[in-house]
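The structure under discussion appears below in the form of C-alpha cells.
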Number of protein chains: 2
Amino acid sequence: VTTRVERLQKQAATSDGVIGLSGGLPATELIPDEDLARGFRAAVRDPDRSWQYGWCEGDAALRRWVAGELRRRGADVEADDVIITAGAQQALALASAELFIPGTRIACGATSYAAALQLFRLRDAEPVAHDSRACPADLAYLMPGVATPTGVDGVPDPGRALDGQRALIVDEAYSALRFDGRVAPPLCARARHRIWHVGTVSKILCPGLRVGWLVPPRARTDAVRARKQAADLQTGSLAQAVLARALERLDLEAHLARLRAAYARRAAILVEALRRHAPYWTFAEPEGGFAVFVETPGHGDDTELLATAVAEGVSFDPGHLFRTHPEADDVLRFRLCFSSAPEADLEEGVRRLAAVWDRVARQAQASLSLRLGSGTRR
Amino acid sequence: VTTRVERLQKQAATSDGVIGLSGGLPATELIPDEDLARGFRAAVRDPDRSWQYGWCEGDAALRRWVAGELRRRGADVEADDVIITAGAQQALALASAELFIPGTRIACGATSYAAALQLFRLRDAEPVAHDSRACPADLAYLMPGVATPTGVDGVPDPGRALDGQRALIVDEAYSALRFDGRVAPPLCARARHRIWHVGTVSKILCPGLRVGWLVPPRARTDAVRARKQAADLQTGSLAQAVLARALERLDLEAHLARLRAAYARRAAILVEALRRHAPYWTFAEPEGGFAVFVETPGHGDDTELLATAVAEGVSFDPGHLFRTHPEADDVLRFRLCFSSAPEADLEEGVRRLAAVWDRVARQAQASLSLRLGSGTRR
C-alpha cells in the first residue's frame with residue numbers, strides 16, 4: 001500500500017493545480033537559503049572539512065553546537081556524546097538497532113510518526129498503542145512539545161512518561177515549533193542514562209541537508225558509533241560544514257520566532273477552513289508543528305480516498321500510515337499539513353477534500369444501505 | 001580495538017608532521033571543487049530540489065545518469081532501478097539487510113574492505129575467506145577492477161565469479177580507477193537478476209557529498225526502497241542536486257584520465273620507496289585505486305605498531321581490519337595509502353615506517369629469544 005500511496009503523492013506533487021496538504025514539508029520560502037548559501041561559501045574555504053571524508057561521529061563544531069543547545073536547556077551533554085546522523089530518521093534507526101530484539105514492544109500511542117512505525121515494524125518490533133503500569137511496553141517512543149501527526153504535545157505529563165526504568169526514544173523533531181514558544185527542558189535532563197535523544201534541523205532549518213543527531217546514553221555511544229560507521233560511514237561532510245557555518249551567523253531564536261508565527265497563522269487558516277467546510281470532522285487544535293490529524297465519521301479505504309482527492313486537486317497523508325494499529329478499524333482519517341502549500345490555497349484545499357469526502361461517504365452510505373437492503377431481501 | 005585505532009588515526013590526522021598513509025581518502029587537490037561549486041550555484045536556483053525533502057529513491061536526474069553509465073557499459077538498467085544511497089557503504093548496508101539471515105556465510109576472500117567486514121559481522125553474517133565449488137558460501141562480496149586493500153582486480157575471472165546461482169554484492173567503488181584505464185563490463189550485465197550492484201562518487205569525485213547507489217535485482221527494488229526510507233528517508237537533496245548539476249558540465253572521462261595518471265604516479269613512488277626501504281616486505285603491485293597492502297615477516301599487534309608509528313611521524317591502516325579471519329594469525333600487515341599524502345612525503349613516510357617496523361621486529365625477536373632462552377633454563 002505504501003507504494004501506491006507514494007505513487008499518488010508523486011502524481012499530486014507533479015500535477016499542476018493539486019493543492020498539497022501532504023508530506024510534512026517545511027515551507028520552502030521559510031528555509032533560510034541565504035544563510036545556508038553563505039554557509040556554503042564559508043565551508044568550501046576549508047576543502048578538507050567540506051569535500052573530504054570526515055569522522056564517523058560528525059563535524060566537531062556541529063556536535064559542540066548540539067551539546068551546547070541541550071546544556072542550555074539543562075541536560076548533561078558534551079560534544080563527545082553527540083552522533084551526527086542523516087536526519088532524525090537515522091537517529092531512530094540507530095537507536096532501534098541498539099535497543100530492539102525481535103518482538104520488542106514499543107509504546108507509540110494510538111498515532112505516531114509514520115516512518116518511525118514503518119521502521120519499528122521492519123526491525124521486528126511491535127508498536128503498541130496501549131501502555132500502562134499494569135501492562136507496560138518494553139520501550140516507549142515519545143515526541144515532546146509537538147507530536148506528529150497530531151500537532152499537540154506528545155508528552156503532556158513528563159513525570160508519568162519518565163516513570164519506571166525502561167529506555168525511551170525521545171524525538172524532538174518538532175519540539176522547537178510550539179506556537180506558544182514554550183520549549184520544555186529535554187527529557188534527557190532528567191533521565192540521561194536511559195534516554196535516546198533524537199533531534200534534527202529538517203523542520204526548523206532545512207530538510208535537504210539531512211542532518212540530525214542522536215544522543216544515546218553515555219554507555220552506548222561507542223556501540224552507536226560502530227553502527228553509524230556500518231550504516232554509512234558518516235553523515236555528509238558538505239551538509240554538516242554548510243550547516244555549522246550557517247549557524248555561526250544565523251540568529252536562531254529570531255528565526256524560530258518567525259517560523260512559529262508563520263506556521264501558527266497557517267494552522268489558524270486550516271482550522272478555520274475545517275470548521276467551515278467539514279463540520280463533522282474532529283481534530284485536536286494544533287499547538288505547533290506542521291499538521292492537523294483529522295478523524296471523520298466515514299469509513300473506507302483512505303488510499304482510495306487519496307486517489308479520488310488527487311484527481312480532484314488536493315492531496316493528504318492517509319491516516320492508516322500514522323496508526324499504531326491500522327488494522328483495528330477502517331475509520332477515514334488523514335493528516336493535513338498546513339506547512340508547505342501556499343497560504344492562499346489552504347482553504348480551497350480543505351473545501352475540495354471535504355467535497356470529495358462528502359461524495360465518497362454518501363456513496364458508501366448508499367452502497368451500505370443497498371447491501372443491507374439486499375441482505376434483508378434474501 | 002577499532003576505537004583505539006580511531007583514536008590513533010585522529011591523533012595522526014591532527015598532529016603536525018605525521019605523514020598520513022592511512023584512510024583511503026582521495027587527494028583533496030584532485031576533488032573538482034570548482035565544478036562542484038558551480039553545481040551548487042546551479043542547484044540552489046531550484047530550492048525545492050536542493051533544500052527540500054526529495055523522494056526516497058533519489059534525485060531523478062542522478063538516477064538517470066547512473067543508469068545511463070551502466071547501460072553504456074552493457075547492463076540493462078533503467079533510472080527506476082537505481083536507489084541513490086549515502087555512499088557505497090549504505091548500499092552495502094541495504095543489500096545486507098535484504099540478503100542476510102543470521103549465520104549467512106559471505107565469501108570475501110582473505111582480505112576485504114574493512115567497513116564491509118565490520119558491517120557483515122554486525123549483521124550476524126560470517127565473512128569467509130575460502131569459497132569453492134565444494135564448499136560454497138551463501139553469498140559473495142566482490143570488488144571488480146580494483147579491490148581494496150590490495151589495489152588489484154578483485155574479479156580476475158568473471159566467469160568463475162558468476163558461476164552458480166547465488167546472489168553477489170558487487171562493489172565498484174574503485175573500479176573506474178585502474179591505472180590502465182580498463183573498465184570491464186559490469187557484472188550485472190551478465191547476471192542482473194542476482195547482482196546487487198554498488199557504486200559511488202566518493203573515490204572519483206567527492207567523498208563529502210556521501211552519494212552512492214545501489215542497483216538491486218529488479219524484483220527487490222521496492223523492498224530496498226522501503227528499507228532506505230526506514231534507514232534515513234532519503235539521501236541528502238543538496239548533495240544530490242550539487243552532484244547532478246556538476247555532472248552536467250564536467251568532462252568525466254578527462255577527469256578520470258587525470259586521476260588515473262596522478263594516482264599511478266603516486267603508486268609508483270610508494271612502490272619504489274617500499275623496495276628501497278623495506279625489501280623484506282611483500283605486496284602485490286597495485287593496478288589501481290589508492291593503496292598497497294603490505295605483508296611483513298614480523299609478528300605482533302598491528303595496533304601497537306600504529307601507536308609507535310604515529311609517535312614517529314607516520315600512519316597506516318592496521319592489517320587486521322582488512323582480514324576476513326583476523327584471528328588466524330598475528331602477521332604484521334598494513335594498508336598503505338598513496339592517495340592523499342603529499343607526493344613529496346611518500347618516500348619519507350615509508351622510510352619512517354620501515355624504521356619503526358625494523359626496531360619493533362628486532363625487539364620482538366630479542367624478546368622471543370629471551371623468552372625461549374628463559375624457557376630453556378626452566
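The values are calculated or read from the model by the stated rules, or taken from the named source; none is laboratory data. It should be emphasised that the depicted structure is a prediction, and the values quoted were computed from it without experimental measurement. For neighbour counting, all protein chains shown are included, and Cβ atoms are generated from backbone atoms with ideal geometry for every residue, glycine included.
Screening the candidates B:PRO102, B:PRO156 for the property of being surrounded by fewer than 23 Cβ atoms within 10 Å (Cβ to Cβ), farther than 18 Å from B:PRO326 by Cα, within 14 Å of another protein chain (Cβ to nearest Cβ) and without any contact (Cβ under 8 Å) to a residue 24 or more places away in the chain yields one hit, B:PRO102.
Do you know which residues across segment A:219-251 are away from chain B (no Cβ under 14 Å) and either in contact with a strand residue (DSSP E or B) (Cβ under 9 Å, 6 or more places away or on another chain) or in contact (Cβ under 8 Å) with a residue 12 or more places away in the chain (or both)?
Here is the first cut: in segment A:219-251, the ones away from chain B (no Cβ under 14 Å) are A:247-251.
Hits for segment A:219-251 are A:LEU247, A:GLU248, A:ARG249, A:LEU250.
For beta carbons closer than 9 Å, sequence separation of 6+ or different chains, a first residue in segment A:1-23 that is in contact (Cβ under 8 Å) with a residue 24 or more places away in the chain and at positive phi and a second that is part of a loop (DSSP other than H, G, I, E, B) and of a type in the set (S, T, N, Q), the qualifying pairs are A:GLY23/A:SER339; A:GLY23/A:SER340. The single condition among (1) within 12 Å of chain B (Cβ to nearest Cβ); (2) within 28 Å of A:LEU306 (Cβ to Cβ) that A:CYS108 does not satisfy is (1).
Remark: pairs (first residue in segment A:261-284, of a type outside the set (A, V, I, L, M); second residue in a helix (DSSP H, G or I); Cβ separation under 7 Å; 6+ apart in sequence or on different chains) = A:TYR263/A:LEU177; A:ARG266/A:GLU343; A:ARG266/A:LEU346; A:HIS277/A:VAL350; A:HIS277/A:ARG351; A:HIS277/A:ALA354; A:TRP281/A:LEU274; A:PHE283/A:LEU274. Would you tally the residues in segment B:127-144 being surrounded by 17 or more Cβ atoms within 10 Å (Cβ to Cβ) and either assigned to a strand (DSSP E or B) or basic (Lys, Arg) (or both)? Result for segment B:127-144: 6.
With respect to the conditions (1) touching a residue at least 12 places away in the same chain (Cβ under 8 Å); (2) surrounded by fewer than 21 Cβ atoms within 10 Å (Cβ to Cβ), A:ALA254 falls short on a single one, namely (1). With respect to the conditions (1) of a type in the set (A, V, I, L, M); (2) within 30 Å of B:PRO26 (Cα to Cα); (3) out of contact with any Asp or Glu (no Cβ under 8 Å at 6 or more places or on another chain), A:ALA95 lacks only one, and its number is (2).
Among the residues of segment A:158-174, those identified as closer than 26 Å to A:GLY212 by Cβ, over 13 Å from the mean Cα position of the chain (by Cα) and in a loop (DSSP other than H, G, I, E, B) are A:LEU162, A:ARG166, A:ALA167. Does any residue in segment A:78-90 that is within 14 Å of chain B (Cβ to nearest Cβ) and assigned to a loop (DSSP other than H, G, I, E, B) come within less than 7 Å, Cβ to Cβ, of a residue that is among the β-branched types (Val, Ile, Thr) and surrounded by 24 or more Cβ atoms within 10 Å (Cβ to Cβ) six or more places away or on a different chain, and which pairs are these? Filtered contacts from segment A:78-90: A:ALA86/A:THR235. Scanning segment B:159-201 for residues that are charged (D, E, K, R) and touching a residue at least 12 places away in the same chain (Cβ under 8 Å) turns up B:ASP163, B:ARG166, B:ASP171, B:GLU172, B:ARG178, B:ASP180, B:ARG182, B:ARG190, B:ARG192, B:ARG194.
Looking only at segment A:66-77, filter to residues that are among the hydrophobic types (A, V, I, L, M, F, W, C) and assigned to a loop (DSSP other than H, G, I, E, B); which one of those is nearest to the other protein chains (Cβ to nearest Cβ)? By that ranking, first place goes to A:VAL77. When A:SER132 is tested against the conditions (1) of a type in the set (Gly, Ala, Ser); (2) within 13 Å of chain B (Cβ to nearest Cβ); (3) over 20 Å from the mean Cα position of the chain (by Cα), the lone failure is (2).
Pairs linking a residue in segment A:43-65 that is within 7 Å of chain B (Cβ to nearest Cβ) to a residue that is assigned to a loop (DSSP other than H, G, I, E, B) and surrounded by fewer than 18 Cβ atoms within 10 Å (Cβ to Cβ), with Cβ atoms under 7 Å and 6 or more positions apart or on different chains, do not occur.
Against the test of being within 10 Å of chain B (Cβ to nearest Cβ) and of a type outside the set (Ser, Thr, Tyr), the options A:GLY199, A:GLY212 yield a single qualifying residue, A:GLY212.
Report, by residue number, each residue of segment B:105-123 that is surrounded by fewer than 20 Cβ atoms within 10 Å (Cβ to Cβ) and out of contact with any Ser or Thr (no Cβ under 8 Å at 6 or more places or on another chain). Matches in segment B:105-123: B:ARG105, B:ARG121, B:LEU122. Being of a type in the set (Phe, Trp, Tyr) and within 22 Å of B:GLN365 (Cβ to Cβ) holds for only one residue in B:PHE322, B:PHE290, B:PHE316, and it is B:PHE316. Scanning segment B:91-109 for residues that are part of a helix (DSSP H, G or I) and among the charged types (D, E, K, R) gives a single hit, B:GLU98. Residues in segment B:115-130 include at least one that is touching a Pro at 6+ places or on another chain (Cβ under 9 Å), free of Cβ contacts under 8 Å to residues at least 40 places away in the same chain and of a type in the set (Gly, Ala, Ser). Screening the candidates A:GLY68, A:GLY109, A:GLY74 for the property of being in contact with a helix residue (DSSP H, G or I) (Cβ under 9 Å, 6 or more places away or on another chain) and at positive phi yields one hit, A:GLY74. Take B:PRO102 and decide whether it is modelled with pLDDT under 95, over 23 Å from B:ARG190 (Cα atoms) and either of a type in the set (S, T, N, Q) or in contact with a Lys or Arg (Cβ under 9 Å, 6 or more places away or on another chain) (or both). Yes; evaluated as a whole, the condition is true for this residue. Among the residues of segment A:198-216, those that are of a type in the set (A, V, I, L, M), assigned to a loop (DSSP other than H, G, I, E, B) and crowded, with 23+ Cβ neighbours inside 10 Å comprise A:VAL201, A:LEU205, A:VAL211.
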